[in-house]
Amino acid sequence: RRMSLVHDVSDWVDLGIRPVLYPLAPENGGKKFVEKEVDVGLALDTYATAIAKGASIVALVAGDRDFCPLLERLSANGIETLLVTHPGTTSKRLEEAASWTVSLHDEIQKDPDLCTDVFGVFMPKAA
């Protein structure tokens, strides 16, 4: 079944996941919009929330090594981290900073219904 992003976000909220949305910054006279400092904002918000809520584990779906300081700081505070990766897009340093890593691609290969069951997204099975 296919679901809209709005429906997906609503489901995430029902599961206790708090989506954080950052506006895109206008560039080139407003003809183009780009992401600016989103990684820093996400890292700061994640760290503050983890500390304030007394989290024991934080899951991060990312590949950018800009998140290494976040994982290192969480670890220094006794908070374990799960990094969800995608092949070829994840910094080796980021993987090393995480307590555990799991490849979303590998999990989908093991269970093709995972995307439908978890994310509500239809993924055609490989031939």
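The numbers here are math on the coordinates, done by the rules we state, and not lab data. Everything numeric here is computed off the predicted structure, so don't read it as measured data. For neighbour counting, all protein chains shown are included, and Cβ atoms are generated from backbone atoms with ideal geometry for every residue, glycine included.
What does the extension gain come out to for HIS86 and TYR22, with contour length at 0.36 nm per residue minus their alpha carbon separation? If you can, show how the numbers build up before the last one.
On the way: separation 64, 0.36 × 64 = 23.04 nm, distance 2.26 nm.
Gain on stretching HIS86 to TYR22: 20.8 nm.
List the residues, sorted by chain then number, that are 5 or more residues from ALA59 or on another chain and whose placed amide H is less than 5 Å from its amide H.
Here the answer is LEU82, since their amide H atoms fall under 5 Å of that of ALA59.
Simple spin-label model, 7 Å along Cα-to-Cβ: SER10 to THR49 in nm?
Result: 2.1 nm between the two label points.
How far apart, in nm, are the 7 Å Cα→Cβ label points at ILE57 and ARG93?
About 2.7 nm separates the two model spin labels.
At each listed q (0.13, 0.18, 0.27 Å⁻¹), what is the log10 of I(q)/I(0) that the Debye formula gives for segment 41-84 modelled as equal alpha-carbon point scatterers?
At q = 0.13, 0.18, 0.27 Å⁻¹ the computed log10 ratios are -0.22, -0.43, -1.01.
Quick one: putting +1 on the C-beta of Lys and Arg, -1 on the C-beta of Asp and Glu, what dipole do you get for segment 19-61 around its Cα centre, in Debye to the nearest 20?
Values: 4 positive and 5 negative charges, 19 e Å.
Its charge dipole is roughly 100 debye.
Hey, can you rank 54-60, 86-92, 69-75 by average C-beta count inside 10 Å, highest first?
Put in order of decreasing packing, that is 69-75, 54-60, 86-92.
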